[in-house]
1. So which residues in the range 23-82 are more than 29 Å from N125 (Cβ to Cβ), at pLDDT 95 or above and among the polar types (S, T, N, Q), if there are any at all?
2. Tell me which residues, restricted to the range 238-275, are of a type in the set (S, T, Y) and modelled with pLDDT under 95.
3. Hey, does the range 217-228 have a residue that's basic (K, R), surrounded by fewer than 19 Cβ atoms within 10 Å (Cβ to Cβ) and at pLDDT 95 or above?
4. Enumerate the helices (runs of 4 or more DSSP H) found wholly within the range 225-289, keeping only those where 2 or more residues are in contact (Cβ under 8 Å) with a residue 40 or more places away in the chain and more than 13 Å from V197 (Cβ to Cβ).
5. From the residues in the range 141-156 that are touching a helix residue (DSSP H, G or I) at 6+ places or on another chain (Cβ under 8 Å) and either outside the structural domain of D65 (by TED's automatic domain parsing) or surrounded by 18 or more Cβ atoms within 10 Å (Cβ to Cβ) (or both), which one is nearest to L288 (Cα to Cα)?
6. Mind checking which residues of the range 1-26 are touching a Ser or Thr at 6+ places or on another chain (Cβ under 7 Å) and under 17 Å from P168 (Cα atoms)?
7. Residues that are in contact with a strand residue (DSSP E or B) (Cβ under 8 Å, 6 or more places away or on another chain) and of a type in the set (S, T, N, Q): list the helices (runs of 4 or more DSSP H) wholly contained in the range 1-110 that include at least 1 such residues.
8. Any residue in the range 155-167 that is assigned to a helix (DSSP H, G or I), more than 30 Å from A4 (Cβ to Cβ) and aliphatic (A, V, I, L, M)?
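The values are calculated or read from the model by the stated rules, or taken from the named source; none is laboratory data. The structure displayed is predicted, hence computed values, not measured ones. Every residue, glycine among them, receives a Cβ derived from its backbone with ideal geometry; neighbour counts consider all protein chains shown.
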Amino acid sequence: MNEALKRMIAQRPCSTKQECTSGLKEIIQEIVLLGLSRGKFFEHAAFYGGTALRLFYGLDRFSEDIDFSLLRTDDSFDLGRYCSLVKEELSLYGFKVEVEKKRKKTVRKVESAFVKANTLWHLLNITGIEHTESGIHAEELLKVKFEVDTDPPPGAGYEVRFLYHPLPFSVKLFDPPSLFAGKMHAFLFRNMQGKRVKGRDIYDVVWLAAREIPLNVRHLEERMKQSGNWGNPEHITEESFRALFTRRIHSLDLDAARADVRGFLADPRALDVWSIDFFDDVVKRIRLV
C-alpha cells in the first residue's frame, strides 16, 4: 500500500462501520481535491461548504459532499472533462471507482458527478481491516458527490490554502466570512416549504458563530437575490438579518434537526443545548461585515 495512504488511514478512527466508512469517504474527498488541483481546476473554481470547513478549518463533524463554485458564470463549463482526472488520481492510490457525471433533470445551473466504489472491497483492501461489522452487503456502494455552481452569486472572498495528504497541494476556497454566508443561506432557506431543515446547516452556523467568524453579508444578500429570497431594494441590515434568523428558528422542528446531524458527530451532547433561547443568543454573536 502507498505510504501516504497508510498515513491517511492511520490518522482516522476505524473501530465501527460508520467510522471506517466515513474515514474512507474523507480520504476519497482529499484525493479528489488533489486530482482537481493537478488538473488546474482551481484556476476556474473555488471550494466551499461543510467539507471545506472540515478539511481546512477543523469543523468537528463529518461532511459527505464536495461543493465548488466557479469564479465567474460560465454556461459552457463541463465537469465531465475533470471526471477522468479524478478517476486516474484515485486509481494511483489503489481505489477501484467509477466517476460519473450526473445527467441534469432541471435547468438548475449546477454540474454534478459521483465517485462510486464498492464499500466492502475498499474497507478490506484499502483500510486493511481484517473484518467488517455485519450489515455491509457485498454490493453496497460508497458514494461521494461533487457539485459545481456554474452561475455563482457575486461578493465572495477567496483564499488559497494547502493540504499535505496524500502529498502537498493547493486549493482555492471561499474565505471564512464567505463560507459563513453560504452556510447561513442554506440554513435560512433550504427546504423552505417544510419545517424540517438540515441539522448540519444549523450545527455549522453555531460552530462558525462560536469562533467569532464574521458573516459576509454582501455575499449572503447576493445569494438571497439569486434564489428569490430578497427582493427588497434596501440592503440587509443587522436588524433585518436578525429578524430572518429568528423567524427561521421559530419555524423549525429542532428534534428533527438534531436527528439529522447526530450521526455526523463524535460527541452528540453538543446538541443538548439547542433551544429557542440558545439560538436567540447565537444570533446576537454574529457580526456582519
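1. Matches in the range 23-82: S69, T73.
2. Within the range 238-275, just S251 meets the criteria.
3. Here is the first cut: in the range 217-228, the ones basic (K, R) are 218, 223, 225.
Remaining after also requiring surrounded by fewer than 19 Cβ atoms within 10 Å (Cβ to Cβ): 225.
The next check asks that each one be at pLDDT 95 or above; those that pass are 225.
Within the range 217-228, one or more residues are basic (K, R), surrounded by fewer than 19 Cβ atoms within 10 Å (Cβ to Cβ) and at pLDDT 95 or above.
4. 238-250, 276-285
5. Top of the filtered list is A156.
6. The one that is touching a Ser or Thr at 6+ places or on another chain (Cβ under 7 Å) and under 17 Å from P168 (Cα atoms): I9.
7. Filter on the range 1-110 gives 17-38, 50-57, 80-92.
8. No.
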